[in-house]
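A.B. asks: I have a structure I would like to understand better, so I am pasting it below and will then ask my questions one at a time.
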Amino acid sequence: MVSTYDPFQVEQPETTFKRLHELRAEGPIVPIGEGMYYVTSYEEARRVLRDVEHFSSAEGFRAPGVTVPAEDRMLGEQDAPQHPGVRRIVMSAFNPAAIRLEEDFVRQRAHALLEAIDTSGTVDMVPAFTTPLPNDATVHLLGFPMDDATRIAAWSKEVMESEWPAMNRTARGEGMEGAFPEYTAYVDHFVATLREEVAAGKAPDGLLTRLITADVGGEHLSVRQMRALVFNLLLGGLTTTAQLLGNVIYQLLISDSVAQLAGAGADERAAFIEECLRVYPPVMLIPRGCVQETTVAGTTVRPGERVIVGSACVNRDESLFDSSEEFDAGRANVERHLTFGFGPHICAGAAMARSVALIGLDEFLQFANVRRARLPAGFTYENVPTFFEYGPKTMPVVFDAPA
Ligand code: HEM
């Protein structure tokens, strides 16, 4: 029997999680129509994510019938043989040492953003803090001019909230170039300038320089391949980490735990973030396209069909996590969540996201504790309008609230 669930539809969290609970009860893999299956079981989810022989990333992410030309594919949309080589280069910039080098910059930005807040009224933390912090961190890591950070953030948010993630087009045109010509021209110009600096032996050492000079199967990456990767890094790091920070602030305020966590150590704070990642996953699903017939938990999946790994669903699997729908920052096995994926495509920016979130939380706790922060009366959480994301559209906070 085919279940009614449309993972490409933006829903509010209560509706989604109620439906995911029902899907788990239906079985480890559930047909959801239009040649799609939804995986609800932890073991099967990990098996599908590991299995690059039967499941393609290129055929997974976009809405049914939408195919992205090979040159325009982001890292997360590439398959072997191209994917492992490009991923190796990208990962060389996201290693723990490189992330540690960014920490002072991120802390100083977090502090400055909070200090700039006018606490006399209600403050929406999304534009004030949760969006600019991860954006500035990525812009700095990639070597773009910090003066451009605000427009990069605005462009990226516009992309993520448009139909482009699902359709690879908007009313303006096809692909990034057609749908967002100004943003594309800006990125292309930056990369072209860097290429000239590389040719002149004057390029700064950094991730983009390494990508430009990289040998991928005997060739360099083309203009379009570079563009797709740069967008992957700019877009992949921004809204996802912004949703995480928004969810962390929300959980802190609804559970009234600012003062308690302000007195806690780094491990306790990191555990709080990890549980936020499990219960409120900024990315709710990981799609794959079947390229070779196989079976998943006894169900035959054929080429052309789609398997959606329900990370948001698996994260609340009651056979894996006790009282799985509840937030418990002391949960022993929280690290088993699949919010960053699993296997060869596991999130390239996970260490960076965790680092930005921890620094953001540290600084917010200090600020909010001193200023006695609370949610305004009657606030209702509304999800962002991106089909695969979970994060607050607005996060109003009242500071200097009476004790
Ligand atoms: C809380 C924040 C984040 C979440 C929840 C998240 C989630 C994910 C997930 C689930 C995947 C795996 C997709 C798959 O298997 O197909 C992924 C891949 C990826 N993420 Fe993230 N991400 C986050 C932050 C970041 C950041 C900060 C960056 C970079 C600045 C980033 C860059 C990437 C890239 C490049 C990939 C593709 C990896 C590959 O296919 O090899 N992400 N992310």
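The values are calculated or read from the model by the stated rules, or taken from the named source; none is laboratory data. These figures come from a predicted structure and were not determined experimentally. Positions of Cβ are generated from backbone atoms using ideal geometry, with glycine treated the same way; all protein chains shown enter the neighbour counts.
A.B. asks: How many of the residues making up segment 274-310 are within 14 Å of the ligand (Cβ to nearest atom) and not charged (D, E, K, R)?
C.D. replies: Going through segment 274-310 one residue at a time, the tally reaches 16.
A.B. asks: Taking the stated definitions as given, is residue 144 of a type in the set (Phe, Trp, Tyr), surrounded by fewer than 21 Cβ atoms within 10 Å (Cβ to Cβ) and within 16 Å of the ligand (Cβ to nearest atom)?
C.D. replies: Against the criterion (of a type in the set (Phe, Trp, Tyr), surrounded by fewer than 21 Cβ atoms within 10 Å (Cβ to Cβ) and within 16 Å of the ligand (Cβ to nearest atom)), residue 144 qualifies.
A.B. asks: Further question: Are there any helices (runs of 4 or more DSSP H) wholly within segment 246-348 with 2 or more residues that are under 24 Å from the mean Cα position of the chain (by Cα) and without any contact (Cβ under 8 Å) to a residue 12 or more places away in the chain, and if so which?
C.D. replies: none
A.B. asks: Out of 188, 205, which single residue is among the acidic types (Asp, Glu) and either in contact with a strand residue (DSSP E or B) (Cβ under 9 Å, 6 or more places away or on another chain) or part of a loop (DSSP other than H, G, I, E, B) (or both)?
C.D. replies: Checking each option against the conditions leaves just 205.
A.B. asks: What's the total number of residues in segment 318-346 that are more than 13 Å from the ligand (Cβ to nearest atom) and surrounded by fewer than 22 Cβ atoms within 10 Å (Cβ to Cβ)?
C.D. replies: 18
A.B. asks: How about segment 53-73: which of its residues are near the ligand (Cβ under 9 Å from one of its atoms) and surrounded by fewer than 20 Cβ atoms within 10 Å (Cβ to Cβ)?
C.D. replies: The answer is none; no residue qualifies.
A.B. asks: Pick out the one residue from 244, 238, 252, 208 that is surrounded by 22 or more Cβ atoms within 10 Å (Cβ to Cβ), at pLDDT 95 or above and either within 13 Å of the ligand (Cβ to nearest atom) or of a type in the set (Lys, Arg) (or both).
C.D. replies: Testing whether each residue is surrounded by 22 or more Cβ atoms within 10 Å (Cβ to Cβ), at pLDDT 95 or above and either within 13 Å of the ligand (Cβ to nearest atom) or of a type in the set (Lys, Arg) (or both) leaves just 244.
A.B. asks: Turning to a different aspect of this structure: Which of the residues that make up segment 1-37 are farther than 21 Å from residue 163 by Cα and within 23 Å of the chain's Cα centre (by Cα)?
C.D. replies: 14, 15, 17, 18, 19, 20, 21, 37 - these are the residues of segment 1-37 that are farther than 21 Å from residue 163 by Cα and within 23 Å of the chain's Cα centre (by Cα).
A.B. asks: In addition: Of all residues in segment 74-99, how many are farther than 22 Å from residue 356 by Cβ, within 10 Å of the ligand (Cβ to nearest atom) and small (Gly, Ala, Ser)?
C.D. replies: Looking only at that region, the number is 0.
A.B. asks: Name the residue, out of 63, 58, 45, that is in contact with a Gly (Cβ under 8 Å, 6 or more places away or on another chain), assigned to a loop (DSSP other than H, G, I, E, B) and of a type in the set (Gly, Ala, Ser).
C.D. replies: 58
A.B. asks: Could you list all residues from segment 156-201 that are among the charged types (D, E, K, R) and within 21 Å of residue 134 (Cα to Cα)?
C.D. replies: The answer is 157, 158, 161.
A.B. asks: Got a sec? Which of 156, 162, 120 is hydroxyl-bearing (Ser, Thr, Tyr), loosely packed, with under 14 Cβ neighbours inside 10 Å and either modelled with pLDDT under 95 or within 16 Å of the ligand (Cβ to nearest atom) (or both)?
C.D. replies: Only one candidate passes the filter, namely 120.
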